[in-house]
Structures are given as C-alpha cells and as structure tokens.
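So the structure is just underneath, and the comments pick up after that.
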Amino acid sequence: MKKGIIVVLVLICSLCMVPPAFAEVSFKNDIDILDSSVSLTVLDEYCGSDAETLREELDKDISGFVEADEVETFRNSFLENKSFQFQGYLEVDGNSTSFKISSVDLQMKGAEGVIDDSPLYVTTKVIYEVDTLLSTGDHTIWVIGHPLIEDVKVSLPEGVTVQSCDGIENASWTTEDGRPVIRGSSGVRSFIVEDRPTFEYAMFLEFSKEPFYREPFFIPLLLLLELILALLGLYIIKMNKIK
C-alpha cells in the first residue's frame, strides 16, 4: 500500500497548475466496480485563473484563441505520454490481483475560443480490466484521492456487502438498480504501518459476497429439496403398486 499523503493528479502534474490550496478547480470521481473491471471517471472543473492558465497552455501559437486542433493535439499528447500514470491510481486486493488499463480517454468542454476565465471542464475515463471476479469472494479496492475531490460516487457489484469505506468523508449509502452505491467526498485515510500511524488521501473499500452454498438459507433449502424428492419417490412407488 502506498504511504504518505498523496495529493497529485495527472492533469495538475502535466499542466503545472498552481498549488491546490489556492486553486479554482474541483474534481468529481465516479468509480464503477463491475464483475471484472473498474471504471474510473474523473471530472475536473477549472474556473477563474486556473481556467485561464489552462487555456494559455493549450494556445501553442500564442494567438489568444484556442483552436480545435490545439485541443486535439494536447489530447493526443496526453493519451500518448501521460495515461500510463493512471496505473498507480488503483490497487486491487493489495495488488495481489493483477489488472491492466484497457482504455483511457480524455475530453474537454469549453476549452475552445478566446482565452478567458470562464469555466472549463476536463473528463478523463480510465477502464481497468481485472483478472478475477469482483462480484464474489472477498476483495479490496484502493483508489487515489485528492483534497479537492468534492464528490465521490462508488457503484459496487450487485449483492456484495461493504465492510468498510475508509477515506470517504460524509459517506451516504443508497441502492441503484440493485447495486450498492456510496457517495461522499475525498478524505484522509489513516492506518498503521510498522506500529506507526500513516495518513494518505485515498479511498479504501473492503467488500465481499459469499458463494451461494455459504448463504444462511442454503442448508434449509437443500433439506427442503431432499424432502420433496423423498416424497416424490414415495409417491411414484405408491402409484406403481396401485398399477
């Protein structure tokens, strides 16, 4: 597990934005945990001076106007040179379960036009393929956090039970389409490493789903089926004697 306080996101690194404590930027994370994949969607909203600085970064010909091809050039460069950093955004089962990035996409909204401080939105979607079923058994998911992530949504596989959700502040629980959903904001997670307290901006989920044969109703159901089969057998024997 990573140590220390993690306060870095890829876009901030690549664009050399101002420190988060003074930034006019906020983030939203949508984490969709499925049977054999994890989808991470990050929505960045830049306002004020941060939006203006980002547009200046995009305006490579220094014309004072961001063209569509300049946005596309940045997008292609980012996907080619920066997307590998998302490999460190996720851990599954303490990395004892292997996974790989199957796709990364980045889209910008409101970037084109004159350089000003109007809102600008960047959406990054990363899909991780996992080599085990997350909808059964015991699992943990670790996802990088950030102090400016104001809205976190985590959707889990149907039927799982969540044991803990460390690192999510003001967590609330709902069910959508039969799936457990956790909402909140990014917080500080604390844990012990070598008898010393350690802190980090990260989310750590523990969840599980027992196999069918371990469900409390399985044995009574099995006994009921055996009784039905026994009664059916007796009925068949009786009918044969009558004939």
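The values are calculated or read from the model by the stated rules, or taken from the named source; none is laboratory data. This structure is a prediction, so every number in the text was calculated from the model and none was measured. Reconstructed Cβ throughout: ideal geometry from the backbone, glycine too, with neighbour counts over all protein chains shown. Each accessible area value is taken on the protein alone, full model and side chains, heavy atoms only, with ligands, DNA and RNA left out. Shrake-Rupley method; radii C 1.70, N 1.55, O 1.52, S 1.80 Å.
Annotation: amide H of GLY145 within the under-5 Å range of ALA202, MET203, sequence separation 5 or more or interchain, hydrogens built in the peptide plane. Here the relative contact order of the range 37-185, from alpha carbon pairs under 8 Å that lie six or more residues apart, stands at 26 percent. If I model a spin label as a point 7 Å beyond the Cα along the Cα-Cβ vector, how far apart are those points for GLN163 and GLU56 in nm? For the pair GLN163/GLU56, the computed spacing is 5.0 nm. In a reduced charge model with +1 at each Lys and Arg Cβ and -1 at each Asp and Glu Cβ, the range 41-158 shows a dipole moment near 420 debye about its Cα centre.
Could you calculate the contour length gain from SER63 to ASN95, that is, 0.36 nm times the residue separation minus the distance between their Cα atoms, to one decimal place in nm? Each step should come with its number before you reach the end.
Values: separation 32, 0.36 × 32 = 11.52 nm, distance 4.66 nm.
Working it through step by step, the gained length comes to 6.9 nm.
If the segment from LEU234 to ASP177 were pulled out straight at 0.36 nm per residue, it would be longer than the present Cα-Cα gap by 16.1 nm. Compared with the direct C-alpha span, the chain from THR41 to ASN170 gains 44.4 nm at full extension, assuming 0.36 nm per residue.
For the range 46-189, carbon and sulfur atoms together expose 47% of the accessible surface, with a 1.4 angstrom probe and every protein chain in place. Computed from the Cβ-Cβ distance with R0 of 25 Å, the FRET efficiency linking GLN107 to ASP151 stands at 0.85.
For the range 159-165, putting each phi into the Karplus relation 6.51 cos²θ - 1.76 cosθ + 1.60 with θ = phi - 60° gives couplings of x, 7, 10, 8, 7, 7, 9 Hz, in residue order, rounded to whole numbers and with x for Gly and Pro. Checking the Cα-Cα distances for LYS60/LYS100; LYS60/LYS82; LYS60/LYS125; LYS125/LYS209; LYS28/LYS60; LYS82/LYS153 against a 22 Å cut-off, the pairs over it are LYS60/LYS100; LYS60/LYS125; LYS125/LYS209; LYS28/LYS60; LYS82/LYS153.
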